[in-house]
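Below is one structure, written out as structure tokens; the observations come after it.
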Amino acid sequence: MSHLSELQYGYDNYASVELNNAYNGRVDIIQDDYNQGYGNSAKVLQKGENNDAYIAQYGSGNIAYINQYGNRNTAHITEYGSGNAGLIKQYGNDNEAAILQKGDGNQGQITQYNDDNKALIVQKSNVQYFKTDITQNGGQTHVIINGMNKGITIR
């Protein structure tokens, strides 16, 4: 049995959840700003067992996608500003990924292949319009805190 929770305030927000042969997973989507947040888009796809996905978007015009193929994966995307885009793709087992973006117009992407990866991207509140991209191939840990006004790519 899977758990799905969705809470949306504001208007013109979109949320989609697809559970494909998913068992005992959890999906939480919150898009609010008490009638000020609008036009956010969130999509979660889970295929496998015991996967957890959490998306919270408080500003406007944010996009968040989480795709999980495998077992026991955890993904978090939280975007407070406006116009941010977060994407987490997990292909394997026991992966953990999180993206936190507080400014406006930031892009964070984490792609995890194989097993036992851990990744964290934090785009600080003074950072705007920057892109951080992490790709992992198994047993790797990366933590990025981007407050340097530069784009970062790790492969």
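Every read-out reported here was derived from the displayed coordinates using simple, explicitly stated rules and does not represent laboratory data. From a predicted model like this one, the values you see are computed outputs, not experimental measurements. Neighbour counts are summed over all protein chains in view; Cβ atoms, including those assigned to glycine, are modelled from backbone coordinates with ideal geometry.
Dipole size of segment 3-154 about its Cα centre, with +1 on Lys/Arg Cβ and -1 on Asp/Glu Cβ: approximately 380 debye, rounded to the nearest 20.
Computed from backbone phi with θ = phi - 60° and the Karplus coefficients 6.51, -1.76 and 1.60, the 3J(HN,Hα) list for segment 79-86 is 10, 8, x, 10, x, 8, 9, x Hz; x is used for glycine and proline. For the chain, lysine pairs with C-alpha atoms less than 19 angstrom apart, excluding pairs fewer than eight positions apart on the same chain, total 10. The spacing between segment 83-121 and segment 1-25, judged by their C-alpha centroids, is 18 Å.
Could you work out which residue, out of SER60, SER41, SER16, moves most in a Gaussian network model of the chain, that is, has the largest mean-square fluctuation with Cα springs under 10 Å? Judging by the Gaussian network model, the answer is SER16. Comparing THR111, THR141, THR78 in a Gaussian network model of the chain where C-alpha atoms under 10 Å apart are linked, the largest mean-square fluctuation is found at THR141. Hey, in the GNM for the chain with a 10 angstrom Cα cutoff, which one of GLU18, GLU49, GLU79 fluctuates hardest? Among GLU18, GLU49, GLU79, the largest GNM mean-square fluctuation belongs to GLU18.
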